[in-house]
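Read-outs: derived from the displayed coordinates by stated rules, not from any lab. Everything numeric here is computed off the predicted structure, so don't read it as measured data. Glycine also receives a Cβ, built like all others from the backbone with ideal geometry; neighbour counts cover every protein chain displayed.
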Amino acid sequence: MTIEIEPIVGRYTRVRIQDDWCRVYFEEAGRGIPLLCLHTAGADSRQFRHLMCDEAITAQFRVIAFDMPWHGKSYPPIGWEQREYRLTTALYVDTILAVCRALDLERPVAMGCSIGGRIVLQLAHAHGTAFRALIGLESADFQQPWYDTDWLDRADVHGGRMCAALVSGLIAPHSPPQHRHETLWQYMQGGPGVFKGDLYFYRVDADLRGTLGGIDTDRCPLYLLTGEYDFSCTPEDTQRTASTIAGAKVTIMQEVGHFPMSENPEKFRTYLLPVLEEIRGREERAK
Amino acid sequence: MNQASAAMHEANALCARFERIVKQRANGDRLRVEQPRTLSAVCMIEIGGVAALLHIERGAIVNCTRELALLTEWDFAVRGSCAAWRALWQPLPPPGWHDLFALAKRGEMRFEGRLHPFMAHLQYFKDLLALPRSGSERSAPQ
């Protein structure tokens with residue numbers, strides 16, 4: 001019998017994030033340029049499992065994805081039961097930079113989706129020298145809210161079913177059922193109030209319109225890729241954002257929604273591979 | 001046929017299509033539509049200017065009718081334009097026309113009334129209201 005083992009390796013690290021020590025779970029695969037992946041709100045690092053099993057990527061990149069505290073296999077900080085989870089811009093940036101330090105990542109490429117796509121804009125603005133390139137998936141400086149987030153966390157509604165049903169429409173109708181439902185399963189498994197807490201960052205704390213001056217895309221290239229079926233962060237939202245950042249490169253992905261890496265990995269790689277190749281070529285030329 | 005009567009004709013045709021498919025498939029097609037055992041509600045589905053009323057008892061649709069008496073009560077309503085339902089029911093709806101909330105965001109769909117049963121069983125209602133999706137090729141809504 002052939003035993004099939006994926007190349008993904010998962011481990012834990014202790015990370016100091018603001019006032020808390022957090023036990024953070026991360027997975028990785030591959031060798032080369034570090035590529036740090038940031039999952040969407042209310043989900044976890046499993047969204048990037050297909051990238052980590054793609055030899056066209058892992059031959060050149062060390063792909064790393066971590067579960068934010070409160071998500072996936074990363075516990076909330078000690079004393080979580082005494083507080084309401086609310087992700088802020090500062091906490092999100094501190095988390096990413098702390099994980100980079102803990103894993104000794106030297107100027108990684110960071111790629112984030114949705115809230116991760118929003119935060120890479122802030123990283124480009126305030127920490128561009130710490131990254132060799134930034135990739136925002138479903139990324140915009142702002143987008144119009146489309147539902148009341150109180151529905152996400154109330155005792156008389158099943159939170160997992162609620163979160164999954166709400167985001168189900170963000171997946172393109174073309175995406176294979178297996179990947180659609182796997183993406184939704186992740187949303188069904190989130191802790192109570194965690195998706196809502198992430199959206200505090202998205203909806204309340206991180207309206208980045210007019211705040212992103214000084215981004216130097218010569219020093220740190222910025223790529224923005226958005227699915228045409230994403231009605232939360234629309235292609236127009238991404239294009240409007242890019243129009244304020246000199247040198248930002250936009251790609252609109254056909255037949256893809258809000259979760260490109262997990263809802264349709266085969267389609268997504270056709271858009272991602274040229275971006276990664278451009279980043280790798282730039283590194284080669286710089287040597 | 002003038003514009004108003006053509007619109008009403010289409011609304012009636014779309015609503016009849018919905019009623020027919022719900023009666024044929026909603027209670028039997030467990031692969032596509034989860035049966036929410038705890039759900040009992042009266043739902044108004046409005047297509048253009050034409051309404052259908054769904055009576056759901058313990059997860060089963062016990063009645064679907066377009067014959068609404070004056071002052072008929074319902075728990076919640078999902079109201080959409082003809083363009084919204086026509087686009088939503090294409091096999092591959094165009095971007096922004098492919099989901100109830102995408103349609104709401106663009107002003108083509110509204111949710112009204114006591115929303116708890118709708119939201120607590122949201123995937124069920126999304127699947128139920130997408131049942132007529134079949135047939136034609138993808139094209140932009142008119």
Handout entry: Share of alpha-carbon pairs per 5 Å distance bin for chain A, given as whole %
Key = 1, 6, 13, 18, 20, 19, 14, 7, 2, 1, 0, 0
Completion exercise
The answer for the net charge of residues other than A:Glu4 whose Cβ lies under 15 angstrom from its Cβ, with Lys and Arg +1 and Asp and Glu -1, is -1
Exercise for the section: Obtain the radius of gyration and the Kirkwood radius of the stretch B:45-142 from its C-alpha atoms and give Rg over Rh. Expected result: 0.96
Exercise for the section: Post the alpha-carbon centroid distance, the stretch A:55-89 to the stretch B:31-98, in whole angstrom. Expected result: 39 Å
Fill in the blank from the handout: Taking placed amide H atoms and a strict 5 Å upper bound, the residues 5 or more places from A:Thr251 or on another chain that come that close are A:Leu224, A:Leu225, A:Thr226
Completion exercise
Amide H contacts under 5 Å for A:Cys22, restricted to residues at least 5 apart in sequence or on another chain and with H modeled in the peptide plane, are A:Val15, A:Arg16, A:Ile17
Fill in the blank from the handout: As a percent rounded to 5, the proportion of antiparallel DSSP bridges among beta bridges in the stretch A:9-286 is 35 percent
Handout entry: Helix-derived mean residue ellipticity, 222 nm - over chain A, DSSP H n ≥ 4, -39500 (n - 2.57), to 500
Key = -9500 deg cm²/dmol
Exercise for the section: Using only atoms on other chains, find how many Cβ atoms lie within 10 Å of each Cβ of peptide B:114-121 and report the average. Expected result: 4
Handout entry: In Hz, Karplus ³J(HN,Hα) per residue of the stretch A:2-13 (6.51, -1.76, 1.60; θ = phi - 60°; x = Gly, Pro)
Key = 7, 8, 9, 10, 6, x, 6, 10, x, 9, 10, 9
Exercise for the section: Would you please put A:60-66, B:71-77 in order of how densely packed they are, using the mean number of other Cβ atoms within 10 angstrom per residue and starting with the highest? Expected result: A:60-66, B:71-77
Exercise for the section: Please list, in chain and number order, the residues 5+ apart from A:Met111 or on another chain whose amide H is under 5 Å from its amide H, with Hs placed from the backbone. Expected result: A:Leu36, A:Cys37, A:Leu38, A:Ile135
Handout entry: Residue mean of other protein chain beta carbons inside 10 Å, A:218-229
Key = 1
Exercise for the section: Compute the signed sum of charges (Lys and Arg +1, Asp and Glu -1) over the other residues within less than 9 Å, Cβ to Cβ, of A:Gly169. Expected result: 0
Handout entry: Exposure proxy ranking, count of Cβ atoms within 10 Å, fewest first, for B:Leu88, A:Leu38, A:Leu212
Key = A:Leu212, B:Leu88, A:Leu38
Completion exercise
Of the listed pairs A:Lys73/A:Lys249; B:Lys23/B:Lys126; A:Lys267/B:Lys126; A:Lys249/A:Lys287; B:Lys105/B:Lys126, those with alpha carbons more than 27 Å apart are A:Lys73/A:Lys249
